[in-house]
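Presented below is the structure to which this report refers.
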Amino acid sequence: MYKGSIFERLTGGLDAGKDATMEEVLYKSVANNLSRIFSTNAGSAQTVLDYGRPDLNNSNMSMKDSIESIEVSSELCIRKYEPRLYKTRVAVSRDQLNVNQMNVHIEGFLQINGKSQKIHYRADLLSNGKVKVYKDEN
């Protein structure tokens, strides 16, 4: 049974419940890592400069170009730092843009029991600076 990443096991950061299936634990583990990625400003991690989301406050581009830049850089970061999720696509929800709040849709594939399974996540970047990532049932 999958018990989370080594980081999650060392820190106790994965609490999926004792009756959780291997798939549920894997989904939650990936969501935890995505949450860390979207909670970190790119350039602020001491060991790697490309870890995290781009700075959303300091963009001198148009809204369209800014959103596309966020999508592309987020895809690249996820592909590099969350290798369990592959063929990743990231889309910012343009119809739900609010002041200091953004919804990001992440889709990709996970290997589960030797089979490739498509998965959708949603990351809500909230106005209070928090990030909530969860499996989207779409």
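The values are calculated or read from the model by the stated rules, or taken from the named source; none is laboratory data. Since the structure is predicted, the reported quantities are computational estimates derived from the model, not experimental observations. Neighbour counts are summed over all protein chains in view; Cβ atoms, including those assigned to glycine, are modelled from backbone coordinates with ideal geometry.
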Any chance R94 is in contact with a helix residue (DSSP H, G or I) (Cβ under 6 Å, 6 or more places away or on another chain) and modelled with pLDDT under 90: no
Residue within region 74-88 that is more than 30 Å from N113 (Cβ to Cβ) and either out of contact with any Lys or Arg (no Cβ under 7 Å at 6 or more places or on another chain) or modelled with pLDDT of 90 or more (or both) present: no
Selected residue [surrounded by 15 or more Cβ atoms within 10 Å (Cβ to Cβ) and either modelled with pLDDT under 90 or in contact with a His (Cβ under 8 Å, 6 or more places away or on another chain) (or both)] from G12, G17, G4, G43: G4
Whichever residue in region 101-116 is touching a residue at least 60 places away in the same chain (Cβ under 8 Å) and in contact with a strand residue (DSSP E or B) (Cβ under 6 Å, 6 or more places away or on another chain) and, among such residues, is surrounded by the most Cβ atoms within 10 Å (Cβ to Cβ): I106
